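Undergrad: One structure, pasted below without further comment.
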Amino acid sequence: MSGKFYFCNLWLFCALISAGYCLVGTAPSAWALSSSNIPLDSPIYSYLEKLGGLGLIKSDVKGIRPFSKAEAARLVLEAEGNLTAADVGQQPFANELIARIHDLIPREISLRKNPDQKPPVLDHNLISSLRFRYVYLDGTSRNYERPVHDPGDDGVFGLGSGLRPINPYPSPAQQRGAEGTPLLENNNGVIYRDGSNGELRWAAEAYLSDKVTGLIEPSILIGDDNRIRMNRGYVKLGGGGIELEFGKDENWLGQGYRGNITLTSNAENFTLVKLSSPEPVRVGWLSWLGDLKYALIASRFDKTNTGGVERQPWFYALKLVSKPTDNLEIGFNLGRQVGGPGVKSGTGDTLRGLIGGTSADNSNGMAGFELRYRMPWLRNTELYGEFSGEDTASFWPIVESYVAGFYIPRLTGDGRNDFRFEFFQGNQILYTNGTFPEGYLYKGLPIGHSQGGAVQDFFARYSHWFSVRNNLALEYIFTQRGNLGRVKVDSSGNFDANGTLQAVERKHAGRIHWRLPIYGDMDAELTYGYERISNFDLVPGAGRKNQLFVAEITYRY
């Protein structure tokens with residue numbers, strides 16, 4: 001990287017750290033506890049969400065994950081304090097949820113309850129969590145490579161026109177990437193092969209008093225090619241309103257359950273530096289914004305060579321969340337690739353890449369807004385949505401993509417039945433870019449929504465809680481690809497102005513999940529999924545049926 005590029009990023013990073021300290025310095029004092037992050041597929045998130053659905057948690061912020069264990073402890077103690085206000089019929093279930101979270105994060109809850117209790121100077125847990133997974137796959141993943149038409153002449157929310165010029169070029173844009181494992185998205189980039197696979201994830205933690213936390217989580221994959229990699233591994237300094245993290249970790253920026261537009265756990269976790277507030281802060285002169293949470297993530301992607309174009313971009317993501325009332329959460333998302341080999345890196349070019357939104361922009365990014373609204377009068381049903389643009393005009397995001405959904409935590413009064421529906425529409429040029437032709441990918445997978453761009457996806461999930469650790473869930477997914485940005489292609493799927501229109505790929509899928517206790521802190525989860533795809537990979541008449549079976553055993557996960 002050039003010295004100028006390095007200096008500008010260093011200056012920006014230091015300025016944001018200083019701003020973070022100023023925010024915390026003006027916030028009400030709170031004891032900061034350093035703690036490790038909870039894996040994004042841990043059931044703790046569903047436990048906390050259920051407590052929120054029972055009306056016992058009101059200060060939750062869902063748009064930035066993972067939660068630290070200290071933040072989860074704060075939320076469960078809030079639920080515990082509100083327990084007497086719950087309906088009599090809900091209290092046994094709520095008590096079960098609270099007790100289970102106590103079992104899973106005892107250190108953080110104990111230190112939260114007793115802030116005068118001094119933790120050991122040095123402490124460790126060699127097996128803080130463990131997961132062994134067996135996967136049998138009978139299937140083939142979809143390839144997202146396809147040319148797409150970009151007409152330009154955009155409006156906002158599908159209305160109007162002229163915010164972006166009409167595209168005068170006959171050649172289409174190019175979607176790239178792949179699905180990963182069929183029927184098993186958001187898996188930290190782990191791809192299981194056809195046939196039998198095994199995977200072991202083991203996490204160990206170490207603490208330096210209440211100020212520093214370290215974690216390692218190697219992953220051992222057993223299959224056609226046995227391999228070991230570090231899935232997560234980081235050091236965290238601080239906690240509460242400001243925390244600095246170095247290492248490799250997963251992140252989820254958005255309200256979506258199946259996916260978000262800016263950043264998810266779909267691709268392999270990348271090495272990063274992260275400045276964030278694991279717990280909400282309240283700033284006096286911005287008190288009208290309510291509780292605030294923020295995250296700034298900086299990384300550098302691997303070197304790629306796409307069509308002879310070599311790139312190794314820097315990546316940063318920014319998330320700011322405001323919660324002005326107990327029931328309303330508003331968020332701003334930004335993700336951007338910038339700089340690296342072959343990209344102009346003068347001072348002006350660097351600033352344009354970092355900030356974007358100019359006609360000479362040399363970056364690939366997206367930005368948007370989101371909200372979540374909880375309706376207490378409707379059994380705490382939640383509505384949520386995200387609007388994001390791949391480009392900007394007059395500071396307004398255009399080239400639009402959407403995530404929208406609703407969650408009913410109490411289909412029945414006792415809270416043991418819930419339902420969710422979620423919709424995603426990725427613009428035809430979402431995750432594509434001319435400066436970075438590999439697109440918004442990391443190691444071949446989208447770092448945002450697992451279904452990629454130029455797609456529509458519908459997701460429904462019903463679950464029943466026999467008990468806190470015994471949960472049965474049914475899911476249905478309908479996805480269509482090729483209906484957005486259709487172009488004429490030849491028999492090989494390449495752009496041909498004299499060819500025939502691309503076929504539309506349609507996928508119907510169903511999954512069943514059953515989580516149940518085994519012994520002590522050990523749980524099991526069984527998953528079966530089946531999908532039927534027509535016009536597989538946009539090939540007319542090509543059909544495909546995929547099946548997936550997963551059996552896993554977890555310990556304190």
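Undergrad: Go through Y431, Y462, Y407, Y402 for me and flag whichever is of a type outside the set (A, V, I, L, M, F, W, C), outside any loop (DSSP other than H, G, I, E, B) and within 16 Å of the chain's Cα centre (by Cα).
TA: Selected residue: Y402, the only one of Y431, Y462, Y407, Y402 that is of a type outside the set (A, V, I, L, M, F, W, C), outside any loop (DSSP other than H, G, I, E, B) and within 16 Å of the chain's Cα centre (by Cα).
Undergrad: Please state which one of L215, L208, L184 is of a type in the set (A, V, I, L, M, F, W, C), at pLDDT 95 or above and over 24 Å from S35 (Cβ atoms).
TA: L184
Undergrad: Also, quick follow-up: Which condition number does P517 fail, the rest of (1) of a type outside the set (K, R); (2) touching a strand residue (DSSP E or B) at 6+ places or on another chain (Cβ under 8 Å); (3) loosely packed, with under 15 Cβ neighbours inside 10 Å; (4) without any contact (Cβ under 8 Å) to a residue 24 or more places away in the chain being met?
TA: (4)
Undergrad: Which pairs do you get when a residue that is touching a residue at least 24 places away in the same chain (Cβ under 8 Å), found in the stretch 285-301, comes within reach of a residue that is surrounded by fewer than 21 Cβ atoms within 10 Å (Cβ to Cβ) and part of a loop (DSSP other than H, G, I, E, B), reach meaning Cβ atoms under 6 angstrom, with the pair 6+ apart or on two chains?
TA: Correct list of pairs: D291/R282.
Undergrad: Oh, and also: I need a count of the residues in the stretch 96-110 that are surrounded by fewer than 21 Cβ atoms within 10 Å (Cβ to Cβ) and among the β-branched types (V, I, T).
TA: 1
Undergrad: Taking E552 as the residue in question, decide whether it is crowded, with 18+ Cβ neighbours inside 10 Å, closer than 24 Å to E199 by Cα, in contact (Cβ under 8 Å) with a residue 40 or more places away in the chain and among the acidic types (D, E).
TA: It is true that E552 is crowded, with 18+ Cβ neighbours inside 10 Å, closer than 24 Å to E199 by Cα, in contact (Cβ under 8 Å) with a residue 40 or more places away in the chain and among the acidic types (D, E).
Undergrad: So, G238, is that one touching a residue at least 60 places away in the same chain (Cβ under 8 Å), small (G, A, S), in a loop (DSSP other than H, G, I, E, B) and more than 14 Å from Y294 (Cα to Cα) or not?
TA: no
Undergrad: Let me ask you something else. Scan (1) in a strand (DSSP E or B); (2) under 12 Å from the mean Cα position of the chain (by Cα) for the single condition S265 breaks and write down its number.
TA: (1)
Condition check ((1) over 24 Å from the mean Cα position of the chain (by Cα); (2) at pLDDT below 90; (3) assigned to a loop (DSSP other than H, G, I, E, B); (4) over 27 Å from L54 (Cα atoms)) across all residues:
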residue	(1), (2), (3), (4)
E422	no, no, no, no
Q425	no, no, no, yes
E475	no, no, no, no
R486	yes, no, yes, yes
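Undergrad: Do you know which residues across the stretch 283-331 are modelled with pLDDT under 90, touching a strand residue (DSSP E or B) at 6+ places or on another chain (Cβ under 8 Å) and over 30 Å from S59 (Cβ atoms)?
TA: Scanning the stretch 283-331 gives no hits.
Undergrad: Within the stretch 422-441, track down each residue that is buried (at least 22 other Cβ atoms within 10 Å of the Cβ) and of a type outside the set (D, E).
TA: Listed by number, the residues that qualify are F424, G426, N427, Q428, I429, L430, Y431, T432, F436, G439, Y440, L441.
Undergrad: Within the stretch 301-308, does at least one residue satisfy the condition of being assigned to a loop (DSSP other than H, G, I, E, B) and touching a His at 6+ places or on another chain (Cβ under 8 Å)?
TA: no
Undergrad: Only one of F315, F246 is in a strand (DSSP E or B), aromatic (F, W, Y) and buried (at least 23 other Cβ atoms within 10 Å of the Cβ). Can you tell me which? Give the steps one after another, and end with the answer.
TA: Numbers: F246 fails: buried (at least 23 other Cβ atoms within 10 Å of the Cβ).
Exactly one residue qualifies, and that residue is F315.
Undergrad: Here's something else I'd like to know. Let me confirm something: among V156, V88, V121, V135, which residue is in contact with a strand residue (DSSP E or B) (Cβ under 9 Å, 6 or more places away or on another chain), of a type outside the set (S, T, Y) and loosely packed, with under 15 Cβ neighbours inside 10 Å?
TA: The unique qualifying residue is V121.
Undergrad: For Y144, all conditions in the list (1) surrounded by 20 or more Cβ atoms within 10 Å (Cβ to Cβ); (2) aromatic (F, W, Y); (3) closer than 30 Å to A524 by Cα hold save one; what is the number of the exception?
TA: Of the numbered conditions (1) surrounded by 20 or more Cβ atoms within 10 Å (Cβ to Cβ); (2) aromatic (F, W, Y); (3) closer than 30 Å to A524 by Cα, the odd one out for Y144 is (3).
Undergrad: Still on this structure: Among the residues of the stretch 477-502 satisfying the criterion of being among the charged types (D, E, K, R) and under 24 Å from F459 (Cβ atoms), which is surrounded by the most Cβ atoms within 10 Å (Cβ to Cβ)?
TA: Step one: list which residues in the stretch 477-502 are among the charged types (D, E, K, R), which gives 481, 486, 488, 490, 496.
Filter once more, so that each one left must be under 24 Å from F459 (Cβ atoms): 481, 486.
Numbers: R481: 27, R486: 19.
Checked the stretch 477-502; the qualifying residue surrounded by the most Cβ atoms within 10 Å (Cβ to Cβ) is R481.
The values are calculated or read from the model by the stated rules, or taken from the named source; none is laboratory data. Bear in mind that the values here come from a model prediction, so they are computed numbers and not experimental data. Glycine also receives a Cβ, built like all others from the backbone with ideal geometry; neighbour counts cover every protein chain displayed.
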